[in-house]
Amino acid sequence: MPKHVETVFLDRDGVLNEKMPEGRYVTSWEEFKPLPGVAQAIGSLNRMGIRVIVVSNQRGVALGRMTNAGVEAIHARFQDLLRASGAHIDAFYFCPHDKEGCDCRKPKPGLFLQAIRDFPEIQTETSIFIGDSLSDIEAGRNFGMATVLILGNAEGRRPEWEEARKLADASFASLPEAVELLVP
Ligand SMILES: [Mg+2]
Ligand SMILES: [Zn+2]
């Protein structure tokens with residue numbers, strides 16, 4: 001884990017908001033249920049001067065369950081909610097594509113490349129990737145970042161979860177716990 005953290009990459013579903021059951025997607029603000037303490041955790045990162053970037057796979061767009069504009073509208077509402085608590089996310093990036101045929105669906109690197117284009121000062125040695133699935137941990141590792149697995153609810157775990165836990169540099173019950181212990 002880096003001693004000095006400058007950027008935290010966050011997965012969205014299962015880290016910031018409740019994960020939908022397998023095969024379902026968050027298609028509207030009404031379905032976006034922020035997890036307890038996430039606004040405070042992000043606010044803590046903001047006050048420490050740490051850049052907070054969300055990188056998220058949103059395959060439901062490719063499947064026609066929602067649109068790019070719909071995903072962006074959810075992110076805008078979430079940002080409003082965070083700002084009301086004195087917190088903010090510096091940028092959101094998402095992959096709207098299906099499983100094959102793009103370069104941005106995690107664990108592929110496209111979302112990180114977009115972030116690095118917008119924030120050229122990002123360095124992987126001072127970045128942490130926090131996610132709740134194997135694709136997140138692989139994505140972070142592919143980019144040479146320290147990785148943190150959020151454990152979440154046992155019932156939402158996919159079969160490959162055990163592998164994610166082995167590969168991750170650390171694991172915590174929730175984002176607030178990870179922030180409290182990693183960047184005190
Ligand atoms: Mg997730
Ligand atoms: Zn993509």
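The values are calculated or read from the model by the stated rules, or taken from the named source; none is laboratory data. Note that the coordinates shown come from a computational prediction; the quantities given were computed from them, not determined experimentally. Quick reminder, even Gly has a Cβ in these numbers, built from the backbone with ideal geometry, and neighbours come from all protein chains shown. The protein model used for the area step is the full one, side chains on, heavy atoms only, and it has no ligands, DNA or RNA in it. Shrake-Rupley method; radii C 1.70, N 1.55, O 1.52, S 1.80 Å.
If you place +1 on the Cβ of every Lys and Arg, -1 on the Cβ of every Asp and Glu, and leave all else neutral, what size is the dipole of the chain about its Cα centre, to the nearest 20 Debye?
Approximately 120 debye in magnitude.
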task: With a cut-off of at most 16 other beta carbons within 10 Å, and DSSP calling the residue loop, which trypsin sites (Lys or Arg not before Pro) in region 1-65 qualify? Please list them.
output: Lys3, Arg24, Arg59, Arg65
- request: Would you please give the residues with an amide H less than 5 Å from that of Lys19, counting only those at least 5 places away or on a separate chain, with H modeled from the backbone geometry?
  value: Gly14
- line: Whole-Å distance linking the alpha carbon centroid of region 33-100 with that of region 108-143 is 15 Å
task: Could you pull out which residues in region 36-60 have an amide N less than 20 Å from a spot 7 Å beyond the Cα of Ala76, following the Cα-Cβ vector?
output: 54-56, 58
query: On the accessible surface of the chain, probed at 1.4 Å, how many percent belong to carbon and sulfur atoms?
result: 49 percent
statement: Given Cβ charges of +1 for Lys and Arg and -1 for Asp and Glu, the option among Leu134, Ala170, Gly101 whose Cα lies farthest towards the positive end of the dipole of the chain is Gly101
statement: Sorted by chain and then number, the residues having a modelled amide H within less than 5 Å of the amide H of Met145, at least 5 places away or on another chain, are none
field: Residue-normalised accessible area of the chain, expressed per residue, 1.4 Å probe, Å²
entry: 48 Å²
- request: Output the lone cysteines of the chain: those with no second cysteine's C-beta under 4.7 Å from their C-beta.
  value: Cys102
task: May I ask you to rank Thr124, Thr7 by accessible area, largest first, using a 1.4 Å probe over the protein chains only?
output: Thr124, Thr7
task: Find, among the GluC sites (Glu not before Pro) in region 53-145, those assigned to loop by DSSP (not H, G, I, E, B) with at most 13 other beta-carbon atoms within 10 angstrom.
output: Glu100, Glu121
message: Please enumerate, by chain and number, the lysines with C-alpha under 28 Å from the C-alpha of Lys166, excluding those fewer than 8 residues away in the same chain.
response: Lys3, Lys19, Lys99, Lys106, Lys108
task: Taking the Cα centre of region 108-153 as origin, work out the dipole magnitude from +1 charges on Lys and Arg Cβ and -1 charges on Asp and Glu Cβ, in debye rounded to 20.
output: 120 debye
field: Qualifying trypsin sites (Lys or Arg not before Pro) in region 72-138, DSSP loop, other Cβ atoms within 10 Å at most 15
entry: Lys99
